[in-house]
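The block underneath contains the structure these notes are about, expressed in structure tokens.
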Amino acid sequence: MKSERSEFIDLLKVLACVLIVWHHLALYSPMAAKLAEWLPQLEVFLRSYALWAVQVFLVIGGYLTAKSLSASMPQTSAEMWAKLLARYLRLVIPLLAALSVAVAVTALVRPYFDHSSLSQEPTGLQVMAHILLLQDVLRMEAFSAGVWYVAIDFQLFALALIGAWLAHAWHRFSGRGSLIRKALGLWLMLTLSAMFVWNLNPSGDMWGLYFFGAYGLGLCVGAWRQADMKINFTSLALLIMVLGALATAYHPRSRLILAIGTAVLLCCYEAYQSKPIERLKLNWIRHLSSASYAIFLIHFSVSLLVSALVFNVWPENTAINVAGLFVSFALSIWLGRLLYEQVEVPHPTWRRYFQWVGTLIATFTGVILLT
């Protein structure tokens, strides 16, 4: 029997989250320069390669979306919009809370911490763009690291949802065949077009189509069992590797290789019937996985605060600077868990949404009036 919760998915999310947090610590915190004195190769890895873990999140995101949509495909425009708005609320409410903290912390440390990681003083238009997840589309500076991913995640979910809705319209028109197979076919077409066309233009990285190659791999693996395809998961893994080889030969991309590898691992997991993995049934993995999104949202503000303190008091002390990185990481996990429990877990409603919109606007207004 399948476990109610996937320990394997939890582990992948934890590993990806940890790598991304450390990537941002290495990239944006001046404390990382002291780490480079002790462990230069580690610092190079964190700055240059740890961000690849985003590919893991993209594939897993597509995989979990396919599982959800396969169980409940939108049949009408109203159902599609309801699912899309529900996704928006789940993503944006914790984001608004984290952005409120980021705006306040940035204003607090700005007089004492002259560093490139600080965003410029916020504007009202920027605030509205962040609320609507349009800051990158409008070419505006983000208040916090990683905000771009939230917007991309929402766009990718919207594309997957539109594909599922179109599949239902197609199914209703044809009156025969498998609904989920039609959705799988549409998702596969988008995946291939992303791999061989959209992902080749870096200037389009503010749009979900640019990342749909990785996300679509997850969608296809997640929907495969429900589509009752004749090809088993072992053969699917081989097909994905062949596809990856062709896409890499057409245009080499190291991050795509990681996405292919993650999709193959998910195929192996599905071939194993998604059975519980007893060795991975650890509370700390489950807790970190649950809070991974909140940790991702809050860690930049934590890094700014700790970096400003260490930069002003112990700028040349290598040991304290390195310790500051670990303090930032530990505080990010603790505050991420708090954000998860207090903001992300409660049911997302429009009332709570407007409360957090008001909090962000109030924070922005206070910063403007006090600076």
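The values are calculated or read from the model by the stated rules, or taken from the named source; none is laboratory data. Treat the numbers as computed from the prediction; the structure is a model and nothing was measured. Neighbour counts run over all protein chains shown; Cβ positions are idealised from the backbone, glycine included.
Considering the conditions (1) assigned to a loop (DSSP other than H, G, I, E, B); (2) modelled with pLDDT of 95 or more, Pro30 is excluded by exactly one of them, (2). Of all the residues in segment 58-81, those that are in a helix (DSSP H, G or I), closer than 29 Å to Cys17 by Cβ and either free of Cβ contacts under 8 Å to residues at least 40 places away in the same chain or of a type in the set (A, V, I, L, M, F, W, C) (or both) number 8.
Yes/no per residue for (1) more than 15 Å from the chain's Cα centre (by Cα); (2) part of a loop (DSSP other than H, G, I, E, B); (3) loosely packed, with under 15 Cβ neighbours inside 10 Å; (4) of a type in the set (Asp, Glu):
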{"residue": "Phe212", "(1), (2), (3), (4)": "no, no, no, no"}
{"residue": "Arg225", "(1), (2), (3), (4)": "yes, no, no, no"}
{"residue": "Thr234", "(1), (2), (3), (4)": "yes, no, yes, no"}
{"residue": "Leu238", "(1), (2), (3), (4)": "yes, no, yes, no"}
{"residue": "Leu246", "(1), (2), (3), (4)": "yes, no, yes, no"}
{"residue": "Gly261", "(1), (2), (3), (4)": "yes, no, no, no"}
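Scanning segment 140-176 for residues that are in a loop (DSSP other than H, G, I, E, B) and in contact (Cβ under 8 Å) with a residue 40 or more places away in the chain turns up Phe143, Ser144, Ala145, Gly146.
In segment 55-88, the residue that is surrounded by the most Cβ atoms within 10 Å (Cβ to Cβ) out of those that are modelled with pLDDT of 95 or more and among the hydroxyl-bearing types (Ser, Thr, Tyr) is Tyr63.
Tallying residues that are part of a helix (DSSP H, G or I) and over 28 Å from Ile152 (Cα atoms) within segment 33-57 yields 9.
Among the residues making up segment 242-256, a single one is farther than 12 Å from Leu217 by Cβ, in contact (Cβ under 8 Å) with a residue 12 or more places away in the chain and small (Gly, Ala, Ser): Ser254. For Leu27, the criteria (1) surrounded by fewer than 19 Cβ atoms within 10 Å (Cβ to Cβ); (2) over 18 Å from Tyr149 (Cβ atoms) hold in every case but one, which is (2).
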